[in-house]
Amino acid sequence: MAIHDENSLSRRELLGRGSALALGLMLGSASGLHAEELHPATNEADDAIPATPVGCAVIGLGEQGRNILTYLAYVKGANVLYVCDNYPASHKKALELAPKATAVTEYKKVLEDKNVQAVWVTTPTHLHKQIVLDAIAAGKHVHCEAPLASTIEDARAIARAGIAAMPKQIFHAGLPSRTNPQHDHVLKFVRTGALGSVASAKAGWNKKTSWRRTAPNDARQSALNWRLAKATSTGIVGEIGIHSFDVANWFLKAQPVAVTGFGNILAWKDGREVADTVQCVVEYPGGIPFNYDATLANSFNGQFEIFQGGDAAVLMRELRAWMFKEADAPALGWEVYAYKEKVGDETGIALVADASKLLKDGKEPSKNREVAPTQTPTYWMCQKFVDAIRTGKPTDSGPKEGYDATVTAITANQAIVSNGRVAFTKEMFTI
């Protein structure tokens, strides 16, 4: 389930020429930005890849399936041949997004068509396994939404099949941060040691929404509300928190040691079985804590990720990012030129991707605000998958990354359900 495509913030002047040049020289150009940032309409790496047609199909036409269809429309050469869902009433909205597609109720009809090269599996999490395994067996390139499955055993089976099929077939896990140029840009700062030794990290997701869906009959309503039942749901940390857990695994270059969690139903007392408000602490090697909290009760503070070190902290909020330096931190040569802005009570250095490309094009970032509102994390997730199919090179969000994030999220949910601490083992992360 993708979580990053929120309404973008108002556009601001983020970088002057001096800071863009300094950042570009230090880090090199990251590719692309998103709605509220400064970025060119295309990305240099993508320009070099011919937009040869790729026959596509989306299996599962709920909210995320329709989200994928929305952004596939902007990926050049991504020809959506089929939309598939076992509930025919869902076909109408999907065909509005992909009017040239054929709507079917049986996913095996999609897999039988040799013109279909790539499938997006966007069904409820607990239904991923058989569809993904059948798609891989049929020779298709597969995008599987995250979490990969609702159990570690099923996720392992999916990851094993994905690894076995590569490199002939591309397996892509739906972790949008991994292919998000903005996250990649921030990671470069972290890797240079600009934060000092990382001592703490935290993330959150807050949105007032019930997660409950209405339907004309009980059977359909039960199917739609799979997230609210313990038998089929990985909870908020599974469906939402997995993306922040993945960022923590990625940025800290480690697998977690243990997780302690708790949660409760505080806002939506409607018979659901899954907590609507959760907190957990994921422990990483060296004693680094990663604190995560989320609620369906209130939207204040939105979605964010923070990494704090002895010299600086970085904050990623929706589609933007900032660095906050400590007063006693060593001076960085480029920081005197960097654009600074207030974020709450603090003043942060705006971390802007692709500033160096604007300079290369003879433009000043402070005066050129080309905005491509379609280039959200979901767009880049689709674009990178399609490009990987064209080049035969795996994406940065493969079966291992998807599996590790899924193990982390499922185990965090187990800790929350038990209101206790669960230790990870090396065997849990073994595919």
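The values are calculated or read from the model by the stated rules, or taken from the named source; none is laboratory data. Keep in mind that this is a model prediction, so the values were computed, not measured. Note: ideal-geometry Cβ built from the backbone for every residue, glycine included; neighbour counts use all protein chains shown.
Could you list all residues from the stretch 353-394 that are among the hydroxyl-bearing types (Ser, Thr, Tyr), modelled with pLDDT of 95 or more and either in contact with a helix residue (DSSP H, G or I) (Cβ under 8 Å, 6 or more places away or on another chain) or farther than 30 Å from residue 171 by Cα (or both)? Talk me through it step by step, then tell me what you get.
Looking only at the stretch 353-394, we keep the residues that are among the hydroxyl-bearing types (Ser, Thr, Tyr), and these are 356, 366, 374, 376, 378-379, 391.
Narrowing further to those that are modelled with pLDDT of 95 or more: 378-379, 391.
Those that are among the hydroxyl-bearing types (Ser, Thr, Tyr), modelled with pLDDT of 95 or more and either in contact with a helix residue (DSSP H, G or I) (Cβ under 8 Å, 6 or more places away or on another chain) or farther than 30 Å from residue 171 by Cα (or both): 378, 379.
Here are 338, 267, 258: which of them is modelled with pLDDT of 95 or more, in the same structural domain as residue 187 (by TED's automatic domain parsing), at negative phi and touching a helix residue (DSSP H, G or I) at 6+ places or on another chain (Cβ under 9 Å)?
258
Of these, 198, 237, 190, which one is buried (at least 22 other Cβ atoms within 10 Å of the Cβ), among the aliphatic types (A, V, I, L, M) and not assigned by TED's automatic domain parsing to the domain that holds residue 88?
Testing whether each residue is buried (at least 22 other Cβ atoms within 10 Å of the Cβ), among the aliphatic types (A, V, I, L, M) and not assigned by TED's automatic domain parsing to the domain that holds residue 88 leaves just 237.
Check the stretch 32-45 and report whether any residue there is touching a Lys or Arg at 6+ places or on another chain (Cβ under 9 Å), of a type outside the set (Ser, Thr, Tyr) and either at pLDDT 50 or above or part of a helix (DSSP H, G or I) (or both).
yes
Please specify each residue of the stretch 235-257 satisfying the condition of being under 17 Å from residue 401 (Cβ atoms), outside any helix (DSSP H, G or I) and touching a residue at least 40 places away in the same chain (Cβ under 8 Å).
Passing the criteria: 255, 256.
If only one of 314, 343 is of a type in the set (Val, Ile, Thr), farther than 30 Å from residue 227 by Cβ and without any contact (Cβ under 8 Å) to a residue 40 or more places away in the chain, which one is it?
343
Quick check on the stretch 278-329: of everything there that is in contact with a helix residue (DSSP H, G or I) (Cβ under 8 Å, 6 or more places away or on another chain) and among the small types (Gly, Ala, Ser), which residue is surrounded by the fewest Cβ atoms within 10 Å (Cβ to Cβ)?
In this case the residue turns out to be 321.
Which members of the stretch 409-431 meet the condition of being closer than 29 Å to residue 169 by Cβ and either more than 15 Å from the chain's Cα centre (by Cα) or not in a helix (DSSP H, G or I) (or both)?
410, 411, 426, 427, 428, 429, 430, 431
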